[in-house]
Amino acid sequence: MLELVTVFTPADGSPPRTITLRISDVRPDPDGFTWSVAVDVLGFKYDDSVRLKQVDWATAIEDAGRFIKRMVTDKVELAGGGTLEPPILPPES
């Protein structure tokens with residue numbers, strides 16, 4: 001399991017929140033051809049937990065990292081902006 005705990009300080013001055021980002025449970029799917037990975041983004045207004053599928057375990061983990069970066073960037077934007085400490089770099093274009 002890979003986990004990062006960061007603190008989100010909203011731009012609107014509301015209290016900081018602890019945000020947990022987690023990649024876990026990488027496993028082959030029953031179809032025998034794909035792999036899946038669990039991704040959790042916890043601590044924003046709504047928690048999100050999803051499973052992503054990919055062609056192999058390494059690609060599943062890479063995809064999960066990109067997915068988390070996009071989701072966190074979107075959630076910070078939807079919250080009206082703010083900062084994360086430690087920061088999460090925005091997704092690549």
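Per DSSP H run of n ≥ 4, the term is -39500 (n - 2.57); total these for the chain, divide by its residue number, and report the mean residue ellipticity at 222 nm rounded to 500 deg cm²/dmol.
-8500 deg cm²/dmol
Subtract the Cα-Cα distance of residue 61 and residue 33 from 0.36 nm times their separation in residues, and report this length gain in nm to one decimal.
Gain on extension, residue 61 to residue 33, equals 8.5 nm.
Given R₀ = 22 Å, what would the calculated FRET efficiency be for residue 69 paired with residue 9, taking r from the Cβ atoms and rounding to 0.05?
0.75
Distance in nm between label sites at residue 42 and residue 20, each 7 Å beyond Cα in the beta-carbon direction?
0.2
Per 10 Å bin, what percent of the C-alpha pairs of the range 2-85 does each bin hold, from zero upward?
P(r) for the range 2-85, in whole percents per bin: 18, 46, 24, 10, 2.
Let me know the charge dipole size of the range 2-85 about its Cα centre in debye, to the nearest 20, where only the beta-carbon of Lys, Arg (+1) and Asp, Glu (-1) is charged. Numbers along the way, then the final one.
Values: 10 positive and 14 negative charges, 24 e Å.
Taking the Cα centre of the range 2-85 as origin, the dipole is about 120 debye.
Which of 73, 23, 39 sits farthest toward the positive end of the charge dipole of the range 19-73, with +1 on the Cβ of Lys and Arg and -1 on the Cβ of Asp and Glu?
So the residue we want is 73.
Each value in this text was obtained by applying a stated rule to the coordinates, not by laboratory testing. Computed from a predicted model, the values in this text were never measured in an experiment. In this analysis, Cβ positions are derived from the backbone assuming ideal geometry, glycine residues included, and neighbour counts consider all displayed protein chains.
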